[in-house]
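**Q** Here it is, the structure in full.
Read-outs: derived from the displayed coordinates by stated rules, not from any lab. Since this is a predicted model, take the numbers as computed values, not measurements. No Cβ is skipped: glycine too gets one built from the backbone with ideal geometry, and neighbour counts run over all protein chains shown.
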Amino acid sequence: MSHCRPRELCLACAAGLIVAFALLALRTATAAGPPSRQRGYLRTARQTRPEQGTGSNDPPVPERSTWIPDPSANFRVEGQWTLDELTRYAIENNPIFPRAQARIQSSRAAAWQAGRWTNPRFDTNNPQILAGGPNRNRYSAGAQVDIPMGKKRLDRAAGFQQARENEFSALSDRYDVLTAVRRNFYAVLAQQQRIVVLRQLVAIATGTRDTARKRFEHEQSAEIDVLTLAIELSKAEAALRQAETLLVAQRRRLAAATGSPDLAIGPLRGELAGAPPSFDDAYVRQFVAERNVDVLNARTEVNRGRTLRRRAEIDPIPNLYTGPAAAWFPAASGQATQFWYNFQFNIPVWDHNQGNIQSARAYVRDAEAGVQIAQNSLILQAADVLSRHRAAVQRAERIKQAILPTARKNQRLVEKGYRAGLFDVTRVLQAQRALFEANDDYIDALEDVWSTAADLGNLLQLERFP
């Protein structure tokens, strides 16, 4: 406390102390700066700034998934599509991606705001006295600020870890979209092939019926043979119409998977019988247990839980409410001035945040168990999909190498024998049905091969497929 200084000097000192204290508090509160305005969903571990407080133990975001779709892109092509074209279209137009970007930006901004100090407050801790005249008044001025004692730093760290979880969720959404496009693409491709097979069957059934008519006209067979083959032809034509109707519905599902339900999709260009990607069992198991986005997300949640636990543990430490103040008395001899510095804080007597600390510790244990649960679930999924993929590949190869050639040869020989009068209509029907079933089973097997391959691509987070 100082007394009896010249008024101008005293006021200048008081104002200087208050302004300096306010500027120091403002600089400390804004040291971390605003959240990044970098456009895009993700930031790799190398790009993440340490001052964001994400923690050195946070799992890195895979670098290959930092591609940023442009929601404003207007890319629409009618006609034939390839898988790569549809994939690119989905990434550029599916509304899931701008939604994910908005969530990431929102969480980053919230994390940045969580670390901001509260604004200084005009507070002198001393009342103003207005006693009816300038010679009887006492004037006070001061600024106080709440020092959070490291709590805001932890709040910001927890917020950025939440933003990191949103980045992993955006990655998960990305691979879900890619998987949906891939599965539906090969479903449409398989349906196109079924229509080709059914058209061939209709052509075969038509030729067999015409042969029966000629034989009946020459009195070489009974009319019942003609009627039986005509019924079989009608069944094949009905199956063809049904397959064409299903193709329209499957194309609509494919368009919806891209994010544009009204997208015009014509005949797809692709190879259903092409070689699928090869998968190594040991690599698949290791990848899903260590590098899958669900595991990385669970580990980030563990780090966030530990940050929140530490935040709960230091919460009983009282915040310091402090700042300079001054008062002057115009009526006093020499216009006396006073200076003081305030320190205020709560006294942690009975509330030590015990309940929240226990809750935060239990949450960490929950999150740590969640990592193992995610790993076990992914390993189980990988084992199931791998087994179905292997079985589908073996089945397709067996049908291609053994069953289809035999069925085709049998159908040709039976049809030739029927025209020569060696076989009856029953043998013809059996041969046609066996050929159709073999082709249908082959297409089903190929569709299973590619659908399971797409599921494995989702687990392995494959950007390029096949």
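**Q** Non-local amide H neighbours of Phe423 (under 5 Å, H modeled in plane, Pro and chain starts lacking H): which ones?
**A** Tyr418
**Q** Per 5 Å bin from zero, what fraction in whole % of the C-alpha pairs of segment 324-404 is there, up to the bin with the longest pair?
**A** 3, 10, 7, 7, 6, 6, 6, 6, 6, 6, 5, 5, 5, 4, 3, 3, 3, 3, 2, 2, 1, 1, 1, 0
**Q** Using each residue's phi in segment 276-286, evaluate 6.51 cos²θ - 1.76 cosθ + 1.60 at θ = phi - 60° and report the 3J(HN,Hα) Karplus result to the nearest Hz, with x for Gly and Pro.
**A** x, x, 8, 10, 9, 4, 5, 5, 4, 4, 5
**Q** Then there's this: Which number comes out as Rg/Rh for segment 217-298 once both Rg and the Kirkwood Rh are worked out on C-alpha atoms?
**A** 1.32
**Q** If you scale each eigenvalue of the Cα gyration tensor by 5 and take the root, what three semi-axes come out for segment 272-370, rounded to whole angstrom and sorted largest first?
**A** 61, 20, 7
**Q** Residues with beta-carbon under 10 Å from that of Arg213, excluding Arg213: net charge, scoring Lys, Arg +1 and Asp, Glu -1?
**A** Neighbour charge sum, excluding Arg213 itself: -1.
**Q** Here's a follow-up. Kindly state, to the nearest 0.05, the FRET efficiency for Ala109 paired with Gln401, given R0 = 56 Å and r defined as their beta-carbon distance.
**A** 0.40
**Q** Excluding Ala453 itself, calculate the net charge of residues whose Cβ lies under 12 Å from the Cβ of Ala453, where each Lys or Arg counts +1 and each Asp or Glu counts -1.
**A** +1
**Q** With only alpha-carbon pairs counted, each pair once and no self-pairs, how large is the Kirkwood hydrodynamic radius of segment 352-398 in angstroms?
**A** Taking the inverse mean of 1/r over all distinct Cα pairs, segment 352-398 comes out at 13.7 Å.
**Q** Still on this model: If you take all C-alpha pairs in segment 373-466, what percent of them are over 17 Å apart?
**A** Value for segment 373-466 (Cα pairs over 17 Å): 61 percent.
**Q** Let me ask something else about it. Using only the Cα atoms, what convex hull volume per residue in Å³ does segment 156-289 have?
**A** Here the figure is 169 Å³ per residue.
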